[in-house]
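One structure is given below, encoded as structure tokens.
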């Protein structure tokens, strides 16, 4: 399995920290966010990683990836996360793990891979051969995230990006890690100028009946979006993934 880490956002909410570096290189617990994402990917034995960056960050040095250097795609401006995934998959990759470059997680990624690929496991016995799987975690403020409504066999029957609180049907929200087969890229909405995974692509897949399933991460798992100054401060205070904070 290959992975794509999406890092081509402007990071406007974190300025001035992101004036000169991409958001994925902001430090949490002494290391760049991308370092921690690479740690999680390596632990799941993913050896090939592609990262997209804005072209103005072309000279930035990314954290080392143990197996081989990450393959970096430069974008002059954000294409939209959905279009970026399609472009980076190209004609050769059949299935990829897609991770947001501004979300930290400490749950075992190999469980998501296993659930996605082993169709005879538990409630997933009748899954379609080609499907999308999205990691989900519970949130007490789901309206700040992409909210998934689950049906039978954890199939996502409705997905809304940052709905109004009154429209939230669930506390299960996008945990920032998904698995996409190449066949799903044919259903990226053409009308959207910069199609986004959560706002445009996932709802479009669900509307036409393309199977999208949820993988519910363990209750004790940590999922942290570092996209705002307050969230970044919280992550720096609480995040621990095998490298304890100084003095702890």
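Overview of results
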| quantity | calculated |
| --- | --- |
| Unmet requirement for residue 244, which otherwise passes all of (1) over 27 Å from residue 8 (Cα atoms); (2) part of a loop (DSSP other than H, G, I, E, B); (3) at pLDDT 90 or above | (3) |
| Scan of the range 74-85 for residues that are in contact with a strand residue (DSSP E or B) (Cβ under 9 Å, 6 or more places away or on another chain) and outside any strand (DSSP E or B), ordered by number | 76, 77, 78, 79, 81, 84, 85 |
| Every residue from the range 12-24 that is over 16 Å from the mean Cα position of the chain (by Cα) and crowded, with 20+ Cβ neighbours inside 10 Å | 14, 22 |
| Filter result for the condition that a residue is at pLDDT below 95, in contact with a strand residue (DSSP E or B) (Cβ under 8 Å, 6 or more places away or on another chain) and assigned to a strand (DSSP E or B), over 177, 147 | 147 |
| Where residue 186 falls short, out of the listed (1) within 22 Å of residue 26 (Cβ to Cβ); (2) at pLDDT 90 or above; (3) under 20 Å from the mean Cα position of the chain (by Cα); (4) surrounded by fewer than 16 Cβ atoms within 10 Å (Cβ to Cβ) | (1) |
| All positions within the range 35-73 that are free of Cβ contacts under 8 Å to residues at least 40 places away in the same chain and not in a loop (DSSP other than H, G, I, E, B) | 35, 38, 42, 55, 56, 57, 71, 72, 73 |
| Tally of residues being touching a strand residue (DSSP E or B) at 6+ places or on another chain (Cβ under 9 Å) and not in a loop (DSSP other than H, G, I, E, B) across the range 1-34 | 10 |
| Out of 101, 90, 80, 122, sole residue that is within 19 Å of the chain's Cα centre (by Cα) and modelled with pLDDT under 90 | 90 |
| Options 214, 146, 176: the member that is more than 24 Å from residue 77 (Cα to Cα), within 18 Å of the chain's Cα centre (by Cα) and buried (at least 21 other Cβ atoms within 10 Å of the Cβ) | 214 |
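The values are calculated or read from the model by the stated rules, or taken from the named source; none is laboratory data. Computed from a predicted structure; not experimentally measured. Here the Cβ is made from the backbone with ideal geometry for all residues, glycine too, and neighbour counts use every protein chain on show.
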